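Student: Can you read through this structure? Questions will come right after.
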Amino acid sequence: MAHTYPPLNVEVRTPRLTLAGASDELLERLVPLVRAGVADAEPWPFDDPSSFYADSPEREWRWLRAVWTGRARVSPDSWRLYFAVLVDGEPVGMQDLVAGDFTRFGTVSSFSWLAPGSRGQGLGREMRAAVLHLAFAGLGAREAGSDAFVDNEASNRVSRALGYEANGTDWDTRRGEPARIQRWRLTRDAWQRIRRDDIELTGIRECLPVLGIG
């Protein structure tokens, strides 16, 4: 069913998975994964504050409120697109694309999570490749950034594999404790060298005016 709000109609399809605009229907299908726990073992992957560190049911409530709030705060100066990650039609996680002052700088960043049972299968790399294709091929991004705690080897491995260059380190907190962050940078030229031809975009043209992209 087509949604009145164009970002919810955006889809990115690869041979392995689909990123589908995170409608409320898809969010409800993701709730059991959030309830079961996403941050399930050390090293903790998320910075503070994160709803995933809260106890259920506060965890689900805070997570839903964060998505709803982010969907509502959209302008050319700041936007965040939320996608459910579907494998064979079943939700296994989320992939977000985030931008600040995109019309001026053309830069984006990403955030994602996978249910524990779906990790270790290459899906993290595949969903990042999908959202990068959306950013560069669909939205005309100039540069993509990413960051992860230095001991989050899964995320850092994905960044290295997709052509990002290390872009310095910083500090953040997780569960109240300081931890070092590794920053990454992917230019459009670097992405072009590994650009795939098996990723399909849907619903982009109708979404551009919502994001202030002309």
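The values are calculated or read from the model by the stated rules, or taken from the named source; none is laboratory data. As the structure is a computational prediction, the values presented were derived from the model and not from experiment. Note: ideal-geometry Cβ built from the backbone for every residue, glycine included; neighbour counts use all protein chains shown. Calculation scope for accessible area: heavy atoms of the full protein, side chains included, ligands and nucleic acids excluded. Shrake-Rupley method; radii C 1.70, N 1.55, O 1.52, S 1.80 Å.
Student: Can you pull out the residues in region 89-106 that are at pLDDT 95 or above, outside any strand (DSSP E or B) and over 19 Å from D189 (Cα atoms)?
Tutor: Selection gives G89 alone.
Student: Right, next: Name every residue in region 1-13 that is in a loop (DSSP other than H, G, I, E, B) and surrounded by 19 or more Cβ atoms within 10 Å (Cβ to Cβ), in order of residue number.
Tutor: Selection gives V10 alone.
Student: Kindly establish whether R157 is more than 14 Å from the chain's Cα centre (by Cα) and modelled with pLDDT under 95. Spell out the reasoning first.
Tutor: Working: more than 14 Å from the chain's Cα centre (by Cα): yes; modelled with pLDDT under 95: no.
No: the conditions fail for R157.
Student: On to the next question. Among (1) more than 16 Å from the chain's Cα centre (by Cα); (2) part of a loop (DSSP other than H, G, I, E, B); (3) hydrophobic (A, V, I, L, M, F, W, C), where does W61 come up short?
Tutor: It is condition (2) that W61 fails.
Student: Let me ask you something else. W61 - would you say it is free of Cβ contacts under 8 Å to residues at least 40 places away in the same chain and of a type outside the set (G, A, S)? Walk me through how you get there before you give the answer.
Tutor: Working: free of Cβ contacts under 8 Å to residues at least 40 places away in the same chain: yes; of a type outside the set (G, A, S): yes.
Against the criterion (free of Cβ contacts under 8 Å to residues at least 40 places away in the same chain and of a type outside the set (G, A, S)), W61 qualifies.
Student: If R80 satisfies every condition in (1) assigned to a strand (DSSP E or B); (2) farther than 15 Å from C207 by Cα; (3) without any contact (Cβ under 8 Å) to a residue 40 or more places away in the chain but one, which is the exception?
Tutor: With (1) assigned to a strand (DSSP E or B); (2) farther than 15 Å from C207 by Cα; (3) without any contact (Cβ under 8 Å) to a residue 40 or more places away in the chain applied to R80, the lone miss is (2).
Student: Could you please find all residues in region 162-176 being part of a loop (DSSP other than H, G, I, E, B) and on the phi < 0 side of the Ramachandran plot?
Tutor: Within region 162-176, L162, Y164 qualify.
Results for (1) farther than 22 Å from L211 by Cα; (2) of a type in the set (G, A, S); (3) in contact with a Ser or Thr (Cβ under 8 Å, 6 or more places away or on another chain), shown as yes or no for each residue.
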residue	(1), (2), (3)
W79	no, no, no
Q95	no, no, yes
W113	yes, no, no
G122	yes, yes, no
A130	no, yes, yes
S155	yes, yes, yes
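Student: Now for a separate question. Which numbered condition trips up R16, out of (1) buried (at least 18 other Cβ atoms within 10 Å of the Cβ); (2) touching a residue at least 40 places away in the same chain (Cβ under 8 Å); (3) over 16 Å from the mean Cα position of the chain (by Cα)?
Tutor: Against the list (1) buried (at least 18 other Cβ atoms within 10 Å of the Cβ); (2) touching a residue at least 40 places away in the same chain (Cβ under 8 Å); (3) over 16 Å from the mean Cα position of the chain (by Cα), R16 comes up short only on (1).
Student: Also, I was wondering about something else. Can you run down the residue pairs with Cβ atoms below 7 Å, 6 or more apart or on separate chains, where the first is in region 186-214 and touching a residue at least 24 places away in the same chain (Cβ under 8 Å) and part of a strand (DSSP E or B) and the partner is of a type in the set (S, T, Y) and open to solvent by less than 70 Å² (accessible area, probe 1.4 Å)?
Tutor: Cβ pairs passing all conditions: L186/Y164.
Student: Could you list all residues from region 29-44 that are touching a helix residue (DSSP H, G or I) at 6+ places or on another chain (Cβ under 7 Å) and either in contact (Cβ under 8 Å) with a residue 40 or more places away in the chain or not in a helix (DSSP H, G or I) (or both)? Spell out how you get there, then give the answer.
Tutor: The initial filter retains those residues of region 29-44 that are touching a helix residue (DSSP H, G or I) at 6+ places or on another chain (Cβ under 7 Å), namely 31, 34-35, 38-40.
Scanning region 29-44 gives V38, A39, D40.
Student: Just checking, does region 127-136 include any residue being in contact (Cβ under 8 Å) with a residue 24 or more places away in the chain and either in a strand (DSSP E or B) or open to solvent by 20 Å² or more (accessible area, probe 1.4 Å) (or both)?
Tutor: no
Student: L201 passes all but one of (1) under 20 Å from the mean Cα position of the chain (by Cα); (2) farther than 13 Å from A135 by Cβ; which number fails?
Tutor: Condition not satisfied by L201: (2).
Student: From S146, S159, S109, grab the single residue that is surrounded by 20 or more Cβ atoms within 10 Å (Cβ to Cβ), outside any helix (DSSP H, G or I) and of a type in the set (S, T, Y).
Tutor: It is S146.
Student: Okay, next question. Scanning region 51-83 for residues that are among the small types (G, A, S) and over 25 Å from V12 (Cβ atoms), which turns out most open to solvent (accessible area, probe 1.4 Å)?
Tutor: S56
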